[in-house]
1. Given 0.36 nm per residue, what is the gain on full extension from VAL68 to ASP23 after removing their alpha carbon distance, in nm?
2. Quote the relative contact order of segment 3-91 in percent (integer), defining contacts as alpha-carbon pairs under 8 Å separated by 6+ residues.
3. Specify the angular offset, from 0 to 90 degrees and rounded to the nearest 10, of the alpha carbon long axis of helix 27-36 from the longest principal axis of the alpha carbons in the chain.
4. Cα to Cα, under 20 Å, and not fewer than 8 places away if on the same chain: which lysines meet these conditions relative to LYS30?
5. So which lysines pass the test for LYS96, namely a Cα distance under 26 Å, with those fewer than 8 places away in the same chain ruled out?
6. Can you tell me the dipole magnitude for segment 3-91 around its Cα centre, using point charges on the Cβ only (Lys, Arg +1; Asp, Glu -1), in Debye to the nearest 20?
7. Tell me the Kirkwood radius of the chain: reciprocal of the mean inverse pair distance over distinct alpha-carbon atoms, in Å.
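Any read-out appearing in this document is the output of simple, stated calculations on the displayed coordinates, not a laboratory observation. If you're wondering where the values come from, they're calculated on a predicted model, not measured in any experiment. Note that each Cβ is placed from the backbone with ideal geometry, even for glycine, and that neighbours are counted across all protein chains shown.
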Amino acid sequence: MSKPVHQLLRRDLHFKGVIITDDLAMNAIKEYAKQTNQNVAVLAVEAGNDMLLTNDYRTDIPAIKQAVANGTISVHQLNQSVTRILRLKAKLGLIK
């Protein structure tokens with residue numbers, strides 16, 4: 001959930017793989033989101049995560065869509081995440 005950590009991974013260490021969250025329903029993460037008054041999934045995407053482990057799809061998907069609509073999350077960022085995920089799936093033989 002830390003943008004500086006993700007920047008370290010991508011910029012300094014040149015990590016090109018998929019970054020996956022831990023469970024977004026964990027109490028510590030939910031409490032942090034409450035303190036910032038933001039949706040936890042939006043915070044995770046903003047930080048640079050490619051894949052989110054969530055069980056609250058009914059809330060998180062609309063929140064992410066709204067964040068894209070209002071410019072908080074860029075389509076470019078989402079496209080980069082999709083590309084990394086598809087590359088991983090291809091590498092694992094899950095898609096051709």
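1. Length gained, VAL68 through ASP23: 14.0 nm.
2. 32
3. Once rounded, the angle reads 70 degrees.
4. Hits, sequence-local ones excluded: LYS3, LYS65.
5. Leaving aside lysines fewer than 8 places away in the same chain, those within reach of LYS96 are LYS16.
6. Magnitude of the dipole: close to 380 debye.
7. 14.1
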